[in-house]
Amino acid sequence: MEIPERNLLIERYLPKIRGIARQLSYRLPSSFEVEDLVQIAVVALIEASERYKEDTGSSWWSFVRDRCYGSMINFVDGEIRRVKGGETNGFSSLTNPPLPSEAPDRSPNPECQAITHEQARLLIRRIGRLPKKHRAYLRLKVDGRTHSEIARRLGVSLPRISQIKTKVREELVA
């Protein structure tokens, strides 16, 4: 890829990458800077855009977004491993983000600050009790995936995704 073409690609997709990095940063300790995550993702954007083949069955952006997100997760896991001096259990080490009451300055919006500590703990417990596919649906939906992308990723039909969505809502609101 030529440098001007690469720069245009970065310029065009940087806001989306920054949004993904910001969403991920809400779930991380404050020692992780959004800009570090963005830099990792930009490198992944360039590499993934060069490797993408149209016959993969996914759109260019879905392919690239997955690579960017995966690179950020790998970076975070590597940093945690480095700090701890050993192995981590991968992404599961990030599944218990700071509660809004513990990190109000990192809350994505004022509504999140209104959640009480106990409400947040209850929600985390309920999410943990969801079946594996339901948790996967929730994670993918939070990451901004469409129902079609989620269905393809989970290997189920669109009507099944609607059923999963209804069940997730029922379980989390109950």
Requested in this report: Kindly state, to the nearest 0.05, the FRET efficiency for Arg139 paired with Ile3, given R0 = 35 Å and r defined as their beta-carbon distance.
Outcome: 0.45
Requested in this report: Counting only C-alpha contacts under 8 Å and six or more residues apart, can you give the relative contact order of segment 114-174 as a whole percent?
Outcome: 36 percent
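Report the GluC sites (Glu not before Pro) located in segment 1-87 that are in a DSSP loop and have at most 15 other Cβ atoms inside 10 Å of their Cβ, or state none.
Glu2, Glu33, Glu87
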Requested in this report: Select from segment 1-62 those trypsin sites (Lys or Arg not before Pro) which occupy a DSSP coil region and have at most 13 other Cβ atoms within 10 Å, ordered by residue number.
Outcome: Lys53
Report task. Jot down the radius of gyration and Dmax of segment 114-174, Cα atoms only, both in angstrom. Result -> 12.3, 37
Report summary line: Quick calc: nm separation of the 7 Å Cα→Cβ label points for Glu54 and Arg18 -> 3.2 nm
Requested in this report: Could you tell me the largest-minus-smallest coordinate of the C-alpha atoms of segment 26-77 on each of the three principal axes, in descending order and whole angstroms?
Outcome: 40, 17, 15
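Readers should treat all values here as calculations from the given coordinates under stated rules, not as data from a laboratory. Keep in mind it's a predicted model, so treat the numbers as computed, not measured. With ideal geometry, Cβ positions are generated from the backbone for all residues, glycine too; neighbour counts draw on all protein chains shown.
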